[in-house]
Structure formats: structure tokens, C-alpha cells
Amino acid sequence: MRFGVLGAITVRDGQDRDVDVGTGRAATLLALLLAQRNAPLSPARLADQLWAGEPPATAATTLQGWISRLRRLLEPGVPASQARLLVTRTAGYQIVLPDPIGQLDAEAFRRDASTLQRELRDGWPARAAEAGRAALDRWRGEDPYGGLLDEALPEVPSRLREERLVAVERYLLARLDLGDHFALSAELAALVESHPTRESLWGMRVLALYRSDRQADALAVFARVRDLLRDEMGLDPAATLRTIETAVRQMDPAAWRPGWWPGRLPGPARPPEGLPGPGPARLPEPSRPSAPAQPTAPARSMFVGRATELEALLAVAATVRAGARSAVVSGPAGVGKTRLLAEAVPQTPTDTSNPSTGRLASRWVRCHPGDDAAPYDVWRRLFPAARPQPDTSVRSWAFAVVETVRADTDRGPLAIVVDDLQWADAASLRVLTIVVRELATYPVLFAATVREVDGLGADGRTAAGDDLALGGQDPAPGDGDPVHVALAALGRLPGERLRVGPLTAAAVAEYVAATVPSTALTELTAPAPPARPPAVSALSDDSPRDHEAEAVAAVVAERSAGNAFFMTELTRLVAAGRPARDLPERVIDVVSAQVSGLGEPAHQLLRAAAVLGHDVPVDVVVEVTGVGPPAHVDAALEAAVRAGLLADEPGLVRFTHALVREGLVARTTRRVQAGWHRRCAEVLAARGAGGVEAVARHLLLGDDPGGPQAALAAAEAALVVADFDGAYAWARRGLDAADPGDGALRARLGLAAGRAQRLAGRLDEAAVRLTATYDDALAADEPDLAALVALEHAGGPVTGYWSLAGETAPSVLARLTSARSLPGITAPTAGAVDAACAVRFALAGDGQRAERHLSSAQAALAATTAGQDGVDADASRRLEWMVLLARFVTAWRPDLAAERLTILDRLGELAAHDVGARLTAAHLRALTVLELGRLDEADGLAHMIAVTARRLRYDDFSLVASWWDAMRDLMSGRLEDAMTAAEAVFSPLLVASPEAAVVARTSVEAIGGMVAWENGALLDAMPDATGPPPTDHLAWLVVRALALAQGGRVDESMDVLAPVLQPGLPAVGDGPPATSSLILLTEWCWYARSRQWAEPLLDRVEPWAETVVVFAPGGVCMGSGHLYVGTLATVLGDRVRGRRELDAAIAANARLGMPRFAARARERRQNG
């Protein structure tokens, strides 16, 4: 497969045929996978990028469906487990390209662009131009990835656009070197209009006009760009453009000749004969002088992730012969400022400078925090031989340094580098301002690194423009802050001001891959995953080394957050054979030394805050530690902020990096940590701050005996707001900490965990846990608790999709009914169990048993309402909720819709404080008002459910919303859309768990059956329709018989229905499932023309004429009841009534937007 991203997304297979990957988000998914192919992408990250940070609740299932479709397109006929192109890793999905250059046009472009750069640098303009043409010809449009990533991942297309512009500039320069200036004059005129801030394009245009004997036009172009830069951006042209302008104005003959460009040096000797001749000049190589004779220094680690910044610094260094330049690199502590500057300006003695080689000698000095440095310490160390006048004033030191530097520059350009300028002594900084001014015309590069504090940039100013110091220096009286003054002096020189941020994940991965030997790679998380299969093909693209390197890089990138110091130390840790999740000793030492240097109370405050968490209120830390007074606290925090340890967040203690916090925790004993956590729990509980979760967390971390009970409260609070993952995590933490002898508490925690798993759709896991918890509750002599566990195992109250669509296993229902008889069970719990039994038997079609349990539940409710058994108000409300749900379900017939609305009014009042209960009431109301024909109201409720479920990531109700959408597609006649939506949402559940698979399969088959029935192809959709029925389940028999009758095999359908077609239709029952059975039997009667069974069916269906028939509990809408009354009347030969009812059905179905049901009524009226 070959992929094109330099323009619209294209895919071509091995036979060079176009592969249609679709449009919209499906195509964006492929674009995201290609753009980030160097590492697996988690489903969460992909969903976040696809839906602009607001993925819907169904994002995971929709994404999985798209991945499956994309995999089928890219590798047709290949099972997912054997896929080699779009593979599934542990961490997510990844596109694997064995030959990136041959398979992806962007990589081929980068190869050609690299060749262009190399040939141009080496003085081969013809070869460079050829490579440039090849690179630019690969572009098929202006927008990389067809514009699909401009919002989802804007940095990727932006980078490609920038790389293209750089390639254009180098290609044009190669053509300029070849003497093609006449043609370029016109081309560059258009380009500078499109890219008015690209000074190199303006420079080439000026040169092209000058070489075309149009000096006046060339100078006019320069004047135009100078005015544009000044007026629009407040800038002067850069050194390169100014040099070109000077050469043109002075009619420099060298600038007229092809090959001249500012900053280029004469080329090397030519290659052997037979090769094309080189261009007349070459770009300079960065200076890399050899070290003088001295003991060998340890090799520096690999340099990654700063190519653009390094190129900018090298460009400044290359122009230093034209006069003094400055380079200031700013950024947070540990980000790699010093290393970047060292790559551009290697530390070398001055005697390596050589005018013939152009090498840049350098003098380095590093400043350190503290106030004990002697005045002029920087210059004493930089120039030990300098001899100032005896008065040792600032001016005498400055001119002594100036004389020394002037002597040094006689041998060649010189770099003066001050590392951590913010810590230089004030006298040295004042000397620097004078030295910079006096040496402005000399070949000197003044370079410095500056640590950012509180968002301060390299110019010594905040974003608001305030003049502030960059380090711990006090301003001199009447003279301004010395650091700011020094930076301002450097800023007046031409050069670069660079702010470096964290390294990218790709740069970290490159560093890890190049640094860590294969033998040192180890699994990074505990517990270790299962071992790999013993035999792995040597030809496999997915070698263990690849997987382990990816895992190491991901962990190092995450833990270092791109900080170069932390990245280096973590990688050394891995190279030594230790997991990257460990904490390097050097990090602990460095952090401890920094904090200790702040003294008390900062040391105590920071240690306590590190132990307590990520963002801790300052007043809480103060109360926990007891440090004070407030003035000392403020001073301590300010010192920590200026040291780069804390972020400047008023009222909060927030560490700048997670490893800083971990380093402090590592040097605090477990006993002290536990004491602080217990004290923090007391403080938060007394204030009522942080919620039950915060109190539970600190009690558990403090090994407090009340921790497990607090974890239970946190789990129950999370369940109320539908945070099921959080609820399960709290319950598990409580179980881990609970006393093994406290069976009652452990059972309650198990119940919370099982409930969270069930509501999250992890049905099999929930079943296992709840079964064990039931036994634990019985063993602890807690019959009420055991009964509640049995109730939960049976599906709990009617809530969401799992509870409505799933069938309760006989063994589970048997346990529920037996729990009702447990000795010692209280009346409220017995009532709740009876209500649950009534629901389950009603949904199973056993109306008699449902009514018996409902009567018992109502008696229990009456008893608790009367104040018996000392039941509190909350328990009474919960029982009333259960009883009303049972009443609703047992009355779930179309003719009782109005009665059920009254029940729902009270359910809505009871559901005020529980999001699951509110959504349940809204869902049941939507189905009920639909039965009453109030479609707009029903759709509004469904929309509210979808929005709330998506916001809360409540997957159970997201499935409810998805089912509603599919049902509405069916109602509107959009059969293909209904089937596609059902497969996309429910098919992924087929592999989630066996119990979830049953529910999902039933859902997909129900939609598929409806679509097949509408298309007259139900018989073709039935599995093995010629064989004996696989089950005697009523619903299956009726659907099978309908399929046979629709296919013209009426006699066979009668045989199938033999167990059903008995006088009075007792097998149909009278619970909610009876609605679907009676409607499908009515349809069977139409195809079979069975008058014998039309009459008893009409008796049952006739009360539904004025309603919209909705199958319970699934929610499939079957249109107006008039359709089925009219159908049966027609079969019975009552044509007048049949036509009247069918006319009413046509009108009702048309009003409801159900064209297929209206057409069915119209066809039956005509053919009846």
C-alpha cells in the first residue's frame, strides 16, 4: 500500500489501484494514524483528536467500527489478528510502514528535501535543483492531509507546509546559483506576495533583479520589504537582507556572480573527474573544533529534538565576522538550554581560533545561585589574565576585558558564553553592558542561558511587559535591575532570542532508542505482563525489541514531561536495567539539595505538600504542618517559586514537575507521611472541604482504621454521579485496606464494586463479584445485605440498556426469590426484593407471579410509610421508587400508557438526586409519550438522555440513546442507516464479554429482523429456516412462523406455531412481551389469511387502536395501532371496518413520519 498526504489523502494498492477510504472522520482517522505512525495511539487519544476534545459517549465503539472497516480496506481478507499494516498494540492502534519512503509521499519528499539541502551545502547546485524539483513535484495540493488535520492535529500540516517553504527557498537558491536569475525574477515576485515575511525570498528577488541589470528595481524592492517589516511588525530587516542590500547599493561584483550568498565560505577541492562540476560556492559547515591536549572528557549524550533552534544559533554564529552578535536561550530549569548552546558553541580554548578555517573559539563560565560570589567573579573566571586599573571599578574592569577580547579576536572570532546569567553577580552584569557596547563592531558572539521565572522571557520582561529580574539578584539603587539591563544590552545586537520548551515525545523516543541497549530493556509497570511467545520470527516487524523500546520511550516521555535533565536520568536508569517507573537517585539528590537550600519553613512546607498531593491549598498545608507565621510562609513559597520548584499559583502548592514532588516524597519516612495524611483528613473533614473522596484518600494513605469505611462512602458518592470507574476503584481500595474479619464492611464494599461493574457494562465481572459477595454477606450474618446483593445481581432497579434489554438467568432469578425468604430480612429490603421480582417476572411474561410480588412489595411500602420498623426517610423513598417501577413494568401495555404517565410523575420527583434514576424516568417517559403519539416530546427526552449520557460518559444510557436513534431510523424508513448504526454501536460488544455479547447480538438481530421484514426478506435472514426450531422460546417461534408465512410457506408456519395457537392464546401471556407477540402474530395472520386466529387476536389488539404500538421493553416502534386492528378486520372479512381502521392508520403513520407503515396500511386497504 502507498499513501499520499501531500494534498488530499490517497491510498493505492499493490496493483496501483485507488482505494476509496471515504471522507469525513473516517478519512481523518487514517490521516491521524499516518501522521502519528511512530507510536501506537490509544483509543482515548484518537477519540479526543477526532471529536475536537469532546468525544461522544459512543466514541469507543464507533472508533472500533471505523478501525475494522479501515483494516478491511487496507488488507482485504486478512484477519485482524494477522494484520501487518494497521495493527493493534497493547497501547492502541498503529500504522506500520516497513518502507516509509516508498509507501508515504511525505517521507519521500523529506528524503528529496534532505538531498537538496546536502547538495546545495556541498556546492552542487545542479544536483540540488534536480532534488528540489523531485521534492516539490510530490505535492498534489496546498493542504497536507487534504486539510483534515488542520484542527485535529494542526502542528503536523503546519510543519509540512513550513518544510515545503524551506524546500522552495533552497530550490530557488540552487537555481539562482545556476544563473537562472531572469526567470526567477518573475517567480519570486509572486512568491513574496504570498509569503511577505520570508526575508530569504525577498533577498533572492533583490539578487535576481540585480543580476538582471536592474539595480534600481532591486533597491526599490528592498525599500518595500523594509517598510513592510517596520510598519507591520516593528522590525528591521535581518542581517542577510541588509548584507544583500549593501552589496547591491555598492555594486559589489561578487554579489553579481552566481553562487554568492551572505555567510557562504569558499568551497573545498573539487571531486574526481567524471562527476558534474560543482557550483561556485558552498554553505559553511558548523564549527566543530577539536579539543586541545588534555585528559579525555566523558562523551556527551545524544543530542535530540532541537534541530530548528540549533540551526538558528549556527546561523548567528556564521555571521559573527560581520560584527558582534548575541544569542540568548531561555527556558525552565533542566530543559536543556546549556546543552543546546554547547552544540552551537562548543567549549574550546581561544588558541584553536584560526582565520583560515573560520572556527569559533569560545570562553565559557557558569554562574551559581547564592550571594557569596565576589564582585566581577564572571570576568575573573573568563579572563584570568585581565588586569584592570587599581581602582577595580566597573569601568576599569570593562575596559580591561575589552582590551583582552580585542587581542583574542585578532586570531579569529570569539564566543563569550555565560551560563545561568540570572545568577551572575551584579558587578559582572554591569561590566557586560559596557563590554557589549564597546565591542559591537568586533567578531564576538555574546551568548547566555537564562532560566525563566514566572513566565519571564529571554528579554527580561513578562508577557505584560513588566521589567522583572530573571534570578535572585536585587536591583542596584538607581540603576535598574542588572539582569534586565544586561539582557537589554544584548538585545540591541543582531542575533537570536530563543525560548526552549519541553522536548517532544518523538525526540524522547529517539534519545531512548539510541541510548538504551537491547539487553537493558525491561518491562516498566508492575505487575509484569505475561511473557511473550517463545518463538518470534526474525523477520517480524513487531519484534520484542520494538515493543519494549516503544514502552520505555512512552514512560520516559510521560515521566520526564520533556525535561532534558529528567529524560537523561530516567534513560540512564533504564540502561542500568531498572524500570523507568523508578526514581533516579540523582534526581532525588538534586531536588533534596535545592529544597534544603531554601531553609525552614520552606523545607517542611514543600515536603508536606509533596506527600499530600498535586495541588494542595496553602492553608491546608500550613494547618497540617503547623508552620508559621504567614509572612514566613509567603516568603518560603516565593523562594520556592523563584527556584523553579513551584508554579506561581496563588493559594495552591503546585510543583513544576512530578519528579520534583516524587523526589521530596522519597526522602520522607513512611511514618511521617502517614501522620500528615491522617492530619489532612481531619482538617478536610472539619472544614467540609474536598468531598468524601479527598477524606477517604488521605485516611487510606495514612493507614487509618476509618479508611475502608470512607472508601465505601466515596464509592457510593461516585455511583450517584455515574462515575462507575471511580466507584469501582474506591471499592477496590476499601477492600484492599479492610480488616479481613469485618465481613459486613467487606460485603458492602463488594456490593458497591459489583454495582459499578454492572452499570459500566462489565456484566461477567459483575456476576463473579456479586456471587462471591452474596456468600460473604451470608457468612457475616447480614441477610439484608445478602438480599440487596441478590437484587443487584438480578439487574437491580430498571435502569439503562443492560437492565431492560438483558434477560435474567434462571439461577440468578432463583437466588433473588430465595433471598426474599432469608431469616431476619427487614420489611423494606423484602419489599425491594419483591418489587425486583415483580419487574423480572413481568418482563419474562409471567404476569401472575409478577402481580403477587407486586402486592407484597406494596404492602411493605405501606408499612414503611406508616413509620414501622424504624425506617428512615431515604430508605422509604428508595422502596417507593422500586415499587413504582414494578407498577410501571407490570402495566406496560399500549392501552395503559396514560396510567403509566401518572406513575412517572412521581418517579420524577423521587429521582431528583440520582442521575441514573433521572435518566431512567426520562427514558420510560419517552417510550410512554411515544405510545400516546407525542413524538416531539419523546424526541426531546431522548436528546436530553443522549446529551447527559455523553457528558457523564454513562455508557449504559448512551446505548439507550443509540438504540433510540436506530429505532427512529426504522420509523422514518431509513433502513440501511438503522442497520449501519446498530452494527457500529452494538457489534463491538460481541467481544466485550459473553453476557454482553448476548444482549448485543439480540439488539443487532432485532434491527436486522425489522429491516429484513420491511424488505420482505425475513425468511432469508433466518438461520436454517428449513430445520427444526432451535428453541421453543415464544418470541423465536413467532418470528420464525412470520418469516415462513411471508415467504409463502404457510403450512410450515402453522406447524411452527402449534404450541402457541391454543384456545385463548395462553402461551402469549399478558406481560410486556405479549405486545410484540400479538403484533407479530397479527402480521402472520395477514400473510396466512387465518380467520381462525384473527378473531382472538382482534379481541386482544382492539384496545390499542388509538395508541402507537411500542414493543416493551426494547422500544421498537411499530406504528399506529389502527394498522393492526384494520389488518385483522380485513382478514375476518369486515371490509368496512378494515378500510376505516386502515385509513386512520395511513393518517396517523403519515403524521408520525412513518412512511413504510403508512404504505403498508395503504397496500392492505387496496388488496384487502
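Annotations for the structure displayed:
- Annotation note: of Gly973, Gly1008, Gly940, Gly933, the sole residue that is closer than 20 Å to Thr1075 by Cβ and either modelled with pLDDT of 70 or more or outside any helix (DSSP H, G or I) (or both) is Gly933.
- Check on Arg224, assigned to a helix (DSSP H, G or I), at pLDDT 80 or above and closer than 19 Å to Gly495 by Cβ: no
- Only one of the numbered conditions (1) surrounded by 15 or more Cβ atoms within 10 Å (Cβ to Cβ); (2) modelled with pLDDT under 90; (3) assigned to a helix (DSSP H, G or I) is not met by Arg205, and that is (2).
- When the helices (runs of 4 or more DSSP H) confined to the range 1-118 are screened for residues that are under 30 Å from Ile945 (Cβ atoms), those reaching at least 1 such residues are found at 24-35, 43-50, 59-74.
- Scanning the range 1129-1168 for residues that are closer than 23 Å to Leu932 by Cβ and in contact with a Ser or Thr (Cβ under 6 Å, 6 or more places away or on another chain) gives Ala1145, Ala1148, Asn1149, Gly1153.
- Those residues of the range 649-671 which are free of Cβ contacts under 8 Å to residues at least 24 places away in the same chain and within 18 Å of His698 (Cα to Cα), in sequence order: Thr669, Arg670, Arg671
- The range 1075-1124, subset crowded, with 21+ Cβ neighbours inside 10 Å, part of a helix (DSSP H, G or I) and of a type in the set (S, T, N, Q), residue farthest from the chain's Cα centre (by Cα): Thr1082
- Positions within the range 138-163 being part of a helix (DSSP H, G or I) and without any contact (Cβ under 8 Å) to a residue 60 or more places away in the chain, in sequence order: Gly147, Asp150, Glu155, Pro157, Ser158, Arg159, Arg161, Glu162, Glu163
- Being more than 24 Å from Pro55 (Cα to Cα) and assigned by TED's automatic domain parsing to the domain that holds Ser855 holds for only one residue in Ala897, Ala911, Ala886, and it is Ala886.
- Test: residue in the range 791-811 that is modelled with pLDDT of 90 or more and among the polar types (S, T, N, Q): no
This table checks each residue for (1) touching a strand residue (DSSP E or B) at 6+ places or on another chain (Cβ under 7 Å); (2) touching a residue at least 24 places away in the same chain (Cβ under 8 Å).
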| position | (1), (2) |
| --- | --- |
| Cys1085 | no, yes |
| Val1109 | yes, yes |
| Gly1115 | no, yes |
| Leu1132 | no, yes |
| Arg1140 | no, no |
| Ile1146 | no, no |
| Arg1156 | no, yes |
| Ala1161 | no, yes |
| Arg1164 | no, yes |
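- Candidate set: the range 176-202, residues that are charged (D, E, K, R) and part of a helix (DSSP H, G or I); chosen: the one surrounded by the fewest Cβ atoms within 10 Å (Cβ to Cβ): Glu193
- Gly795 crowded, with 24+ Cβ neighbours inside 10 Å and not in a helix (DSSP H, G or I): yes
- Scan of the range 550-570 for residues that are β-branched (Val, Ile, Thr), under 25 Å from the mean Cα position of the chain (by Cα) and either in the same structural domain as Pro332 (by TED's automatic domain parsing) or at pLDDT 80 or above (or both), ordered by number: Val555, Val556
- Ala135 under 20 Å from Ser200 (Cβ atoms), in contact with a Ser or Thr (Cβ under 7 Å, 6 or more places away or on another chain) and in a helix (DSSP H, G or I): no
- Pick from the range 576-610, criterion among the aliphatic types (A, V, I, L, M) and under 28 Å from the mean Cα position of the chain (by Cα), ranking: modelled with the lowest pLDDT: Ala580
- Filter result for the condition that a residue is closer than 30 Å to Ile95 by Cβ and among the small types (Gly, Ala, Ser), over Ala575, Ala593: Ala575
- Test: Val618 is touching a residue at least 40 places away in the same chain (Cβ under 8 Å), surrounded by 18 or more Cβ atoms within 10 Å (Cβ to Cβ) and not assigned by TED's automatic domain parsing to the domain that holds Ala333: no
- Sole exception among (1) over 18 Å from Pro494 (Cβ atoms); (2) modelled with pLDDT under 85; (3) out of contact with any Phe, Trp or Tyr (no Cβ under 8 Å at 6 or more places or on another chain) for Gly263, by number: (1)
This table checks each residue for (1) surrounded by fewer than 17 Cβ atoms within 10 Å (Cβ to Cβ); (2) at pLDDT 90 or above; (3) aliphatic (A, V, I, L, M).
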residue	(1), (2), (3)
Arg642	no, no, no
Glu649	yes, no, no
Thr669	yes, yes, no
Gly691	yes, no, no
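The values are calculated or read from the model by the stated rules, or taken from the named source; none is laboratory data. Note that the structure is a prediction, hence the values are computed from the model and not measured. Please note: Cβ atoms are built from the backbone with ideal geometry, for glycine as well, and neighbour counts cover all protein chains shown.
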